[in-house]
Amino acid sequence: MLPTPRSPLFKQSLITVTLVVFSFGCAHQAAPRKLTAASVTAVRLDEVVRTKCKTVSAVTPVFDFSSSELSAEAKTTLDTVATCFTTGPLKDNNLRLIGFTDPTGTRADNYELGMDRAQSVALFLEKNGMKKAQLIVTSRGEEGASPDSARWPADRIVDLSLAN
């Protein structure tokens, strides 16, 4: 019997494979991104948010397989975003958070995991001063994920964009 996508044996095997494929680009943008195995979460900011909030990162980490845990690096970026939306240039604007997954697992499970990831980001932003009403949280699950399993780690992400 094969292990299920959420079983510890399956997760352990995928961690090994994930470490091998981290050097590949992202399915969500044309230019390949620099990925790091040490990080366990990713937030991708649209150009407006990145520019207005003055957040520039050369490294875009990804969520660990089947995880919605935020890394220290993601928290640093999100802290900057929260400040930008509470007292900075985007004060009182709304932010859209969209969670994504790789296609491993069922569509329903992936939708739920994408939502967990987006809600994890939203909770952090709320704890850092943003109002719940400013956050539009949704999931697209595996929608738009690469058919190439080598690129799946880059599909584990939460997109943040200005919603106004």
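The values are calculated or read from the model by the stated rules, or taken from the named source; none is laboratory data. Note that this is a predicted model, so its numbers are computed, not measured. For neighbour counting, all protein chains shown are included, and Cβ atoms are generated from backbone atoms with ideal geometry for every residue, glycine included.
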**OP:** Kindly indicate whether any position in segment 118-128 is among the acidic types (Asp, Glu), under 20 Å from Ala72 (Cα atoms) and more than 14 Å from the chain's Cα centre (by Cα).
**Re:** yes
Subject >> Lone unmet requirement of (1) in a strand (DSSP E or B); (2) surrounded by fewer than 16 Cβ atoms within 10 Å (Cβ to Cβ) for Gly144 >> reply: (1)
Original post:
Conditions: (1) modelled with pLDDT under 90; (2) part of a helix (DSSP H, G or I). Ser57 meets all but one. Number of the miss?
Top reply: (2)
Subject >> Qualifying residues in segment 68-92 (those that are part of a loop (DSSP other than H, G, I, E, B) and either among the charged types (D, E, K, R) or surrounded by fewer than 16 Cβ atoms within 10 Å (Cβ to Cβ) (or both)) - the one nearest to the chain's Cα centre (by Cα) >> reply: Glu69
Original post:
Does segment 5-25 contain at least one residue that is at pLDDT 85 or above, surrounded by fewer than 17 Cβ atoms within 10 Å (Cβ to Cβ), part of a loop (DSSP other than H, G, I, E, B) and polar (S, T, N, Q)?
Top reply: no
Original post:
Only one residue in Ile136, Ile157 is in contact (Cβ under 8 Å) with a residue 40 or more places away in the chain and under 12 Å from the mean Cα position of the chain (by Cα), so which one is that?
Top reply: Ile157
**OP:** Evaluate the following for Phe85: is it at pLDDT 90 or above, farther than 13 Å from Arg44 by Cα and of a type in the set (Phe, Trp, Tyr)?
**Re:** yes
Original post:
Given the conditions (1) touching a strand residue (DSSP E or B) at 6+ places or on another chain (Cβ under 6 Å); (2) buried (at least 22 other Cβ atoms within 10 Å of the Cβ), which single one is not true for Ser161?
Top reply: (2)
